[in-house]
Every structure is written in C-alpha cells, then in structure tokens.
Amino acid sequence: MKKLVLFAIITTTAASVFAQGTVILNNRLGGITHVWIGPYNYQGNGTNDVPPGSFDYAAHGFHLIGTGPNGLFEAQHTIAQLLGAPGSGAPESNLVPGLPTTTFRTGAGAGDVAMTTVTFANILPDAQVGTFELAAWDDSSGLYPTWTEASVAWKSGLIIAGRSAPFVLQNIGGNVNVPPNLGPAMQSFGFGVPEPTTVAVAGLGAAALLIFRRRK
C-alpha cells in the first residue's frame, strides 16, 4: 500500500514538472494577419487583414514573406517562434520562447506561418491567461535556429528580425482546455532592419563622426 501511495505521489509530481501549456501557432484561423519584410519595422494590422487595419504595407514598400522571385527560399529560411509568459500584461522581459519553431508558407499562404502547436515550459497547462509575442527573423545563414540566438544577433545588427506587439490569450491548452489559436488577438507586423536600438546607436555614431570630421 505504501509503495502504491509513493508511486502515485512520484507520478503526480513528475507530471506537474513536465506538463506544459500549449498554443496553436496559426495566423489564419479566427482572424487573418500577416508577417511582412520591408524598409523598416512596423506593428499593426494592414488593410488586407481580418479585422482590417489602416496601414497599407505594400504601398509602404513591404512584401509578404514567401513572395517574389526568391519566395520559396525566403519562406524556408525565415523562422518564426512564439514567445510567452503566464499572466496578462506580462513584461516583455519575461517572455520565453516556446517550442517548436516554424517557417512560412508560399503562394496564397504567403505571410503566414506553417501551423504548429507550441508548448511552453514556463506556462502551466490549462492556465487562465498568458501574454505572447511572435518573433520572426532571417536565418538564411543557418546560424540562428531559435530566438535565443537570433535575438542576440538582431541586437548586434547582424540580421533583420521583428516582433509582433504583445497580445493576450485566454484558457491556455492543457489537460482540459483545447489550445487557443492566435485568432484576432495577434496583429500583423513587418520588419526589415536590425534591432531599433542598434540602428539608433549606429545613427548617433555616424552623426558624431561627421561632426568630428567637420571640426578638423
């Protein structure tokens, strides 16, 4: 009897340790959003989204990931990863990458991720609410397979990357809840330059160098 009780306790503890909250990563279900590449970083729904926004990405020089003459290569080498943390309005610094990563579709699905179910070690199954962001980056070099490596490269100005605005999902998947989809909670975004802080610092450095040269 004691052995059975001990086994039950061990089994329950192990299940709680390894249990993970889940979210369906799909930006074409319950709402339609897109990820774009262009001349700068921008967050917000576009005119071709559901629900629609006021920003015309194409008119501002953006193109959907997976379009153009380099579309297939671009779709296969642009990686997306969902970041998340428990609770509503969690700070961006608390968001942890879930697994697995995914890539992008082409054709009619350009700008949309290849659907997958993401698990989060830091979010309990059936959690009431969680805060999330979608990150995307160019990994044509093959050096940045996850956001852990890519975020460092982005801040160093080595690659282009971007993130959606934070959004909240209810009833995280687990033993009871069906995993929620991004639906209308996530908005579209576009990217095309290194991390904004890096660009700003580089701009200040160039301005300082120009002033120094003029003084000489």
Handout entry: Cut-off 11 Å between beta-carbons: net charge of the residues surrounding LEU83, Lys and Arg +1, Asp and Glu -1
Key = -1
Fill in the blank from the handout: Footprinting proxy, SER188, SER88: sorted fewest to most Cβ within 10 Å, the residues are SER88, SER188
Fill in the blank from the handout: re the stretch 18-202: pairs of Cα atoms spaced beyond 30 Å account for a percent value of 14
Exercise for the section: Quickly work out the ALA58-to-LEU99 label distance, labels modelled 7 Å from Cα along the C-beta direction, and quote it in nm with one decimal. Expected result: 3.9
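Throughout, read-outs are computed from the coordinates displayed, never taken from laboratory work. Nothing here was measured: the structure is a model prediction, and the numbers come from that model. So basically every Cβ, Gly included, is an ideal-geometry build from the backbone, and we count neighbours across all protein chains shown.
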